[in-house]
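Q: Sharing a structure with you now.
The values are calculated or read from the model by the stated rules, or taken from the named source; none is laboratory data. Only a predicted model underlies this, so the values are computations on that prediction, with no experimental measurement involved. Please note: Cβ atoms are built from the backbone with ideal geometry, for glycine as well, and neighbour counts cover all protein chains shown. Areas reflect the complete protein model, heavy atoms only, side chains present, ligands, DNA and RNA absent. Shrake-Rupley method; radii C 1.70, N 1.55, O 1.52, S 1.80 Å.
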Amino acid sequence: MTDQAVGGGHLPSEAAEASATTAPGPRAAAPRQDGAAARPTVPATAAAPSTGQFAGRRRELKALHADIARAGLDTLSGRKGARSRVLLIAGRPGSGRTALAEELLKELAGDHPDGVLRATLTGPDGEPADTGRTARELLAALGAGAPAGAPEDELAERLREELTGRRALLFLDDAPGADQVEPLLPDAPDCLVVVVAQGPLTGIPDVRPCALGGLDSAAGVAVLARYAGPTRITVDPRTADGVVEECGGQPAALVLAGAWLSARPMSSVADLCQALHAVPLPPDLPTGARPLFRAFRLAYDALPAARRPDIAADHPGAGRSGGRAHRLRAGRLLGGDGRHDTRRVRRARPAAAGRSRGRRGPRRPCPRRRAVSPVPPARLPPPPGT
């Protein structure tokens, strides 16, 4: 399957390098069962970002597949649907929502031979991406031009025309709301649209959100072990379960916590659990944001002073867009690209098999219980995900 990424996000360097060496060339579309003429697939100018190993979420994947197969409102009324089915994955930043979407796209690839189109609907500044620009870039990915200066409505209409008759996947990541999604929906029942957002798409009919919570304990421990190495997790499985609970099962928090432990080969899982619990919380922080805040603060304080700019100095304090932009800056500080996805925490890499990552140093006995100095409170924004 070929695919194209456009919009406000950018591929990480690892994906760009992979696309230069492994991306397949354009191929002919599979013959259509309805006898329509085959059309070119999406150009293979960019490979799908690699999600690495995927943990858990089997129940959610099963529910998403069932949502594809269920009868829609048009079918129940005796008419064939005029528009593409929309699947919504809803969750907080850091919940692994984009990673789940990528896993779903891989599983659906064989049924959509015309490829995958990707667009990020939130710009690097945290503001909603311009719909006209997104439509123009999607048209370019399809090999279709658009007149210079064409209005947004005309560009969206041309995009719908180009997708008519195709069997393609359209992935709209980090959607601020229905206003950014609705103009891009194809009038093509053979296409499928996968949307990632934080909340519902009010105003778009027949959309059932797949709401993400935390990972189950087994999957959370697997993520933690992948980054911290299996040895310390295996010798203290009960405390590892406690770390997963302390992180709320959120993949981004578990990645950050595992990376913190990976960088400290002499620390135990109990040290990590104690350190997370010792992070002070702002009094007005919502309950659901606390696990990721703790892990983010722990990782931030572990950075060398030279890499620790004052990200709280220009905190806007209020406003959805400003807060989002600030979380993007915080994400870049940790080595990500601000896309709210655990794959973007690029400094946190899986540990090598059979050993824990971290700098080598003189071996010394590991204390049973290490005192953790309390971290002074600071005004930090809600952290990015993954």
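Q: For V193, only one of the following conditions fails: (1) of a type in the set (V, I, T); (2) crowded, with 17+ Cβ neighbours inside 10 Å; (3) farther than 25 Å from D67 by Cα. What is its number?
A: (3)
Q: Name the single residue that is modelled with the lowest pLDDT among those in segment 103-126 being more than 19 Å from L163 (Cα to Cα) and in contact with a Lys or Arg (Cβ under 8 Å, 6 or more places away or on another chain).
A: Filtering segment 103-126 for residues that are more than 19 Å from L163 (Cα to Cα) and in contact with a Lys or Arg (Cβ under 8 Å, 6 or more places away or on another chain), the one modelled with the lowest pLDDT comes out as G126.
Q: Among the aliphatic types (A, V, I, L, M), open to solvent by less than 50 Å² (accessible area, probe 1.4 Å), in a loop (DSSP other than H, G, I, E, B) and under 30 Å from D236 (Cβ atoms): is that true of L215 in this structure? Give the derivation first.
A: Numbers: among the aliphatic types (A, V, I, L, M): yes; open to solvent by less than 50 Å² (accessible area, probe 1.4 Å): yes; in a loop (DSSP other than H, G, I, E, B): yes; under 30 Å from D236 (Cβ atoms): yes.
Answer is yes for this residue.
Q: Which numbered condition in (1) open to solvent by less than 40 Å² (accessible area, probe 1.4 Å); (2) touching a strand residue (DSSP E or B) at 6+ places or on another chain (Cβ under 7 Å); (3) assigned to a loop (DSSP other than H, G, I, E, B); (4) not aliphatic (A, V, I, L, M) is the only one that G126 fails?
A: Only one criterion in (1) open to solvent by less than 40 Å² (accessible area, probe 1.4 Å); (2) touching a strand residue (DSSP E or B) at 6+ places or on another chain (Cβ under 7 Å); (3) assigned to a loop (DSSP other than H, G, I, E, B); (4) not aliphatic (A, V, I, L, M) is unmet by G126, namely (2).
Matching residues to (1) farther than 16 Å from L298 by Cβ; (2) in contact with a strand residue (DSSP E or B) (Cβ under 9 Å, 6 or more places away or on another chain):
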position	(1), (2)
D179	yes, yes
P183	yes, no
A219	yes, no
T231	yes, no
P237	yes, no
D241	yes, no
M266	yes, no
H277	no, no
